[in-house]
Amino acid sequence: MAVLAEIAGDESPPPLPPSEGGEASGAPSTSSPSDADGGGKPSPRTSKPGRKRLVLTASVLLSFLIGLPLLLKSTEIHRSPLPSDAIAALSRRLHSNPPSFPCGLHAVFLRSGRDPSEASVANRIEREISTQLVDLPDASTAGKISVSVTVESAGGCSSSSKVASPWRCGAVTTADLGRGDEVFDELLDSALGDGGGDGMRVYTVVFVDSDDLKRIVIGKHRHAWVVGKVDEAEVVSIIGKVFVKYFMNGGVEEGEASTVKREFMPVGSDGNIVLSFSLLNADPSDWVYDWEFENIGQRMLTPVIEALRPIANINIESQVLYHTPKSSYSYSDDKLGGNVLSVGDIPFFVNSNEWHLDTSISATGRSKVLQFVVYIPSARECPLYLQLPDGELSKTNAFISPMWGGVIIWNPPGCSFGSKPHGALDKMSSEELMETIEIFIGQLRQLFGLKSSYHTQSMDGVTKFITSPKGFAQWELDLLYRHHACSNLLSCLTTLESLSSLVQSLPRMIVMDEIGRQVELSLEAASLAQRNASLGISDSSAVSATRARALAEDAFFHPSVMSISYASIEHYFAIYMPFFAPVSLHVLLAVMKELKRYMVERRKYSAFLASQATSS
């Protein structure tokens, strides 16, 4: 009631005090002449105006001002800072200085005669080889090439002065050629050591002065040798060609297309591959075949998996399927005594409706699955042959499908044109399964961009290749490591730049701390890959580059990024303004009105005090 009395007192002047004649306080008062004639003149205020109305109104506005930061805090989006400057720096480094791997070329001349000036000869040959290697193909990932030469003869052993020679003089002689190429290959490997170890890779070409027919042999390590009576200028030319064509470009001729120069599809973005091997019985009513893949296949593929570990983590699966007819047509050929499948029908061979191959449980995330299929035709189409475009039959009776895998058409023993089914359960023999796995390894090489095998080629002489039990020669693995490292670094950079652009374009996008940490780890791995590449350590660079790409992909496809729909700031204004704008406007107007009223009443009271002071 006191508050109401004060509010009422603020609106009208207080009642006059009781008269000296003792009249009751409730007696009616008469208006003064001045009030009647004043025509609306405001009456003076004789009491100090109250502040409670002003305080109450201002407290409502203050509560809105205090709650505004709390509202903004409740709608705040957590955004872990991304190292955009580091991503831009990585982009500048990769574009201005693309990854290149320095390597060494060591030439060894084993001469039967006596030459007292081996040192001067070695220096001269070194200059000639260096001049020949000035212009490398553009596709090569080689950086600076260090050339060294060793000349060994009956008069002694001398090397060029620039680079320390890894060759152990006297470890290999001309007489060792008679022990066979396989033995000579291992002798060279022991004489040369590990070809670089944990540092720059060194490739060696040995010239053996002999009366034998001129021939060139490419070993399964990082060396080759030339045998025959060849003059020095021709040997220098052969050394340069072997180094560039095979050790640097994987046996690809200049201008020849090769998938090793393009994006590597067989490896998933997370660095994982699943090799799924399937044995398909087209018609089990004719015959049913099984295999012992777990024993023989796993044993033959283990060295391949270990060799490719720096660029891919490989898992193996196998299965046997039934009732799996092909979807393409074949025609019978009496001359060949069987049915023929032309190359034009290969795209329709895989029957995706009947071949239930995608049953892998190891393929998770962004892993890549490569299918390798052994197709056993039914009795009515057996034997089934694959005919090449030139009319010849395929020697392996197999083909590959890029990004998918490979298929082998396997005709069972005793399968002939018009043969009758026997319906019994058979099993592939160990020899047949081993031959099949060897074809699969060749197809895997093709999927990685290499040739399935190197046949005898003519390059200034007959060229022979020593096969490796790992399926890949060491110089081929170096080539794959280099190209995969470069490809993964560029893919990593592209992903990080896309993520940075996405975050900057969406101010309301949530960026978890885990995403920021993955980006930092990806940048660290990319820097390590670049550092290893500058040192010529191709396998370590490939491992770091693969990890950098996998971390970048994990950050870009993080569940917190994909599961939330991000609204713009205008969207939030459209949600909150219809409520807060009218309420805030009314509160603000009320405060302004009350403040104006208080100032008017305050001036009235000040005028009253001034009049009282004047009258006294």
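If you count only protein heavy atoms with a 1.4 Å probe, what accessible area per residue comes out for the range 469-602, rounded to a whole Å²?
47 Å²
So for each of 573-580, 104-111, 407-414 I average, over its residues, the number of other beta carbons within 10 Å; can you give me the resulting order with the highest mean first?
Order by mean packing, descending: 104-111, 407-414, 573-580.
Tell me the label-point distance for the pair H571, S130, using the 7 Å Cα-to-Cβ offset, in nm and rounded to one decimal.
My value for the distance between the label points is 6.4 nm.
By average Cβ neighbour count within 10 Å, what is the ranking of 435-446, 172-183 from highest down?
Going by the mean number of other Cβ atoms within 10 Å, highest first, we get 435-446, 172-183.
Roughly what would the spin-label model give for K464 and S80, points 7 Å off Cα along C-beta, in nm?
5.8 nm
Around V149, which amide H atoms from residues at least 5 apart in sequence, or from another chain, sit under 5 Å from its own amide H, with H modelled in the peptide plane?
Residues meeting the amide H criterion: A107, S160.
Between L386 and residues 5 or more places away or on another chain, which pairs have amide H atoms under 5 Å apart, with H built 1.01 Å from N, and which residues are they?
Counting only residues 5 or more places away or on other chains, the set is L341, S394.
List the pairs from K241/K451; K241/K470; K52/K604; K395/K464 whose alpha-carbon separation is above 22 Å, in the order I gave them.
As for pairs spanning more than 22 Å Cα to Cα, those are K241/K470.
For the range 283-291, what does the Karplus curve 6.51 cos²θ - 1.76 cosθ + 1.60, with θ = phi - 60°, yield as ³J(HN,Hα) per residue in whole Hz, taken in order and with x for Gly and Pro?
For the range 283-291, the Karplus-derived couplings read 9, x, 5, 8, 6, 10, 10, 10, 8 Hz, x marking Gly and Pro.
What percent does the relative contact order of the range 274-448 come to when contacts are Cα pairs within less than 8 Å and at least six residues apart?
Relative contact order of the range 274-448: 32 percent.
Would you mind getting me the FRET efficiency between S237 and N123? Use the beta-carbon distance for r and R0 = 25 Å, nearest 0.05.
0.85
If I take R0 = 41 Å and measure r between the Cβ atoms of E186 and R92 in this structure, what FRET efficiency does the formula 1/(1 + (r/R0)^6) give, to the nearest 0.05?
E(calc), rounded to 0.05, equals 0.35.
Determine the dipole magnitude for the range 274-448: charges of +1 sit on the beta-carbon of Lys and Arg, -1 on that of Asp and Glu, nothing else is charged, the reference point is the Cα centre, and the result goes in debye to the nearest 20.
Result for the range 274-448 is approximately 420 debye, rounded to the nearest 20.
Could the peptides 89-97, 527-535 be put in order, highest first, of the mean number of other beta-carbon atoms found within 10 Å of their residues?
Going by the mean number of other Cβ atoms within 10 Å, highest first, we get 527-535, 89-97.
Would you mind calculating the gained length between A154 and H323 on full extension (0.36 nm times residue separation, minus the Cα-Cα distance), in nm to one decimal?
Taking 0.36 nm per residue and subtracting the Cα distance, the gain is 53.8 nm.
How far is it, in nm, from the label point at S501 to the one at S394 when both lie 7 Å from their Cα along the line to the Cβ?
4.1 nm
State the extension gain, in nm to one decimal, for the chain segment bounded by E292 and E306, taking 0.36 nm per residue of separation less the distance between their alpha-carbons.
Extra length available between E292 and E306 comes to 2.9 nm.
The values are calculated or read from the model by the stated rules, or taken from the named source; none is laboratory data. It should be emphasised that the depicted structure is a prediction, and the values quoted were computed from it without experimental measurement. Virtual Cβ from ideal backbone geometry, glycine too; neighbours counted across all protein chains shown. SASA here: full protein model, heavy atoms, side chains in, ligands and nucleic acids out. Shrake-Rupley method; radii C 1.70, N 1.55, O 1.52, S 1.80 Å.
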